[in-house]
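The values are calculated or read from the model by the stated rules, or taken from the named source; none is laboratory data. Since this is a predicted model, take the numbers as computed values, not measurements. For neighbour counting, all protein chains shown are included, and Cβ atoms are generated from backbone atoms with ideal geometry for every residue, glycine included.
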Amino acid sequence: MLELGPRDRQRGIAILTVLTAVTILTIVATDMQYNARVDAQLAENGRDELIAYYNAKNALEIELGILRALRQAQATLKQFLPNVPLPNLASMLPAECGMLTALITLNDDTPLPLPGECVAKAMPEKGKIDLNRLGSISDKFRVRNLLLGRLLDPRFDRYWEDEHGNGERVSRDELAGFITDYVDLDNVREGSSVGDEDDNYARMRDRYKVKNAPFDSLAEMQMIYGIDDDLFGELEQGFTVYPVGGITLATAELPTVAAVIRQAAVNPNDLALYGPGMELLLTMIVELRALPLGQGILNAATLKTLGAQVGVNLDEQKLKDFVDDNASLDWYTVLATGQMNAVEKRILATFNLATNQMVYFREE
C-alpha cells in the first residue's frame, strides 16, 4: 500500500483549504450580488412611486387650475349673457401630463420631458344627494324620500336578496331608515316610535353606536348597518356629504334624476312613472345632455315640459323643492392618477372653489 509523505499531506490540506475558501467566497459574492439586486429594485420601485405620486399631484393641480379658470370664465359670461345656457365644461376637460409638457419648456423652447403618465378628472358634487340634510328637521322627510327613490335603481336589487353579515336581510326601506338614523339627532329608529337606533349595532361583534351627527366623509357610510364594501362602491357615486343644496339636473346621475321625477310627480302612484313613458323621458334627458348647450338648457321647467310630452306629469312646486336651477358648481371631487412603469398612485380630493379650500384628501 502506497503511503503519503508529509509533503503530500500538506498539499491535500492546502487544496481543501483553497476549495473551502473559494466556496465561502462564492456564497458571500452570490449573497452580495442578490442583496445588490434587491436594493437596486427597491430603489427603482421607490423612485417609481415618488414619480407616480408627483405625476398624480401635478395632474391634480392642473385640473384645479382648469376648474378655477372655467368658474371665472362662466361667471363673466353670465354677466354679459345672462339668458344663454352654459354647459358644465369641467367634466369635458380632463387634465393630462401632456398639458404640463406643453406648458413648460426648456431654455431652447423644447418641451420639458416628463417621465410616466398622469390624468385627472373632475366630478361635480352638485348633482348628488346631500346625506347630511337628513339631520335637518325641515329637509329630513323630503331627502329621505329622494334617498328611497334613488335606491329603486335596478342595479341595487340583488342587495335586498343577499344576507347581511349576521344572516339577516336588509330591505330597501330598512336601509333608507338606517342611513337616516345614523345622521338624525334623535335616538328613535326611523319608522318606529319605540325602536332603538343602536339595536342592530349592539348585536355586532364590534359594538358601536350610531353617530347622530353629520357625516365627515362619505366613507362613513360603511359604518351603517347593511352597507358592505360592495354596496358602498355602488352608492358612493350618487351621494355627497357636502352642503351642495338642491340637485342640479345637468350633472346628476340618471337614477338620481329618475328619483327626482318620481318624487315630484303630481300623482306618485302614477303607473307611467314605472313604464315606457318614464324610460322615454330618461332617454330624452340623455339626448338633451349630449347637445352642445343641452346641459345648460336642462332645468326644472324643461323637465316638466319633457315629462308632459310623454305623459309623466310633474308638480312645479315639488320640482323646486328638489332641483336647484341657479346652482353654482363650486364643489368638485377630483380623481388624479399618476403612473410610472408598473407603479400607479391615485389621489382623491374635494375642493370648494367658492372658498378656494381643499376639504378632503386621500392618497391611494
message: Please go through (1) assigned to a loop (DSSP other than H, G, I, E, B); (2) more than 24 Å from residue 130 (Cβ to Cβ) for residue 346 and return the number of the only condition it doesn't satisfy.
response: (1)
Given (1) crowded, with 20+ Cβ neighbours inside 10 Å; (2) under 26 Å from residue 135 (Cβ atoms), index of the condition residue 228 fails: (1)
- prompt: Identify, please: which residue in the stretch 178-199 is in contact with a helix residue (DSSP H, G or I) (Cβ under 8 Å, 6 or more places away or on another chain), modelled with pLDDT of 80 or more and not hydroxyl-bearing (Ser, Thr, Tyr) and is, among those, nearest to residue 233 (Cα to Cα)?
  reply: 179
task: Give the number of residues within the stretch 321-344 that are within 19 Å of residue 125 (Cα to Cα) and not hydroxyl-bearing (Ser, Thr, Tyr).
output: 13
